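What follows is a set of notes on a single structure, which appears directly below.
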Amino acid sequence: MKLISIGIIDYKYLLYFIFYILITISLNCLAFFKFGDISKYKISLLVIIQYSALITFLIPEIIINRKFQNIFKKQNKGNKIKYIFKDFSKKSNLKNISLDILSILFFLLLAYILLILEIEYSPTSKLVFNENYYFVSLFFLFISTHILYKKKFFSHHFLSVGMIIIIGLTRYILKIVVFHSPNFTFPFDLILLFFLLVIAFFEAFLQVYMKLVMEFRFYSPFFISSMIGIICSFIASILLITLNNVECSFWFCEILNQDINFEYETSEIICLVIYSILNGLHFFIQLMVINIYTPCHLFLLLQSKEFIINIFTIIDNWDIGKFILILVTFICEIFASFVYMEMIEFNFCGFDTNLRTSISERADSDVFLTNDDDKKDGEDEIIEMETEVMT
């Protein structure tokens, strides 16, 4: 028996993965080669750019709902129709709707905090935040999926997540000690990292929450995307207009209301619109993966995102040693994620006991044994009946 073998390849998932990579590369090309320093944009404007394109997903949501309603009406023509959405309306009561809106507001708050940190503490950063902390974010996603979604994990899952954490931690420490030691300020940067980890935890929590509402309250990825786009863009627009016309001396107002004019070149406006559309697709693919699979299937997507961001960061200041470090650790993390998703199987130390293929084989074997036992019981009953007749 081979110690390592190829498992079940999910080509649909790989297609989402390829689209995600292409969009991430496009976003980073726009961010690093066109926009430059994001401090020249008002933070509320950046939020609108990031989430306004999500509003357009309301169109397919309306079309799909009308299509299903028409089909249902045709099937129940002449009868008193009890709409298929009755259960949906029960589960979407005032309490749940309020909780959903609060979760979107919290999502918006995290977006503002990340942008503020990016502008205030990293003046050379681009439009996409350099996400060096994502190996811990994946761990939070794993824990949140287990606690909130009640997902049961097995030995190969724990091995995979353990590998990802060790690899990510090694990369982060080497970056600080070997490549960034002159720029690492203790304890300020450590405190900043702590806040980023807290944000990563809540991001993971919200991603699992989205899975729950899609599965148990039947929200579609189109509906969630459009609601996030509408609420985030609406509130950001109000803040942008209000703070631009009202004097406010609080530090929060001063950060949000930078002294920036809105005069941009036509080419820059076009690029911002394209960026907004691509960012909307970027977010929607994550939602589709969460909906079809599990929140932990974001591992591969988020790892590729971090890898691409790191590569673009290295382009600004080329370092062959850093490139090798990022490339090697990324390959190892991808391997670990394939182990988690059972595209690669470990056939030793019991790691293959609870693979989907192993569970399926055991189920088929149990069914075969059960049928065989039933057959033997039937034959025994026939023999007994024949014996009784003969006597």
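Which entries of K175/K305; K42/K322; K211/K305; K2/K151 have Cα-Cα distances beyond 24 Å here? Result: K42/K322; K2/K151 exceed 24 Å. With a cut-off of 18 Å on the backbone N, the residues of the range 10-36 near the modelled label site 7 Å out from Y293 along Cα-Cβ are 10-25. Full extension of the segment from I241 to L117, taken as 0.36 nm per residue of separation minus the current Cα-Cα distance, would add 42.4 nm. In plain terms, the residue of K322, K12 with the fewest other Cβ atoms within 10 Å comes first and the most crowded comes last, giving K12, K322.
With a Förster radius of 30 Å, plug the Cβ-Cβ distance of I143 and I21 into 1/(1 + (r/R0)^6) and report the FRET value to the nearest 0.05. Working from the Cβ atoms, E equals 0.70.
Stretching L109 away from T266 to a fully extended chain increases their span by 53.5 nm, per 0.36 nm per residue minus the current alpha-carbon distance.
Per-residue 3J(HN,Hα) values for the range 144-152, derived from phi via the Karplus relation 6.51 cos²θ - 1.76 cosθ + 1.60 with θ = phi - 60°, read 5, 5, 5, 6, 8, 8, 6, 6, 8 Hz in sequence order (x marks Gly and Pro).
None of the figures in this text is laboratory data; all of them are computed from the coordinates on show. None of these values were measured; they are calculated from a predicted model. No Cβ is skipped: glycine too gets one built from the backbone with ideal geometry, and neighbour counts run over all protein chains shown.
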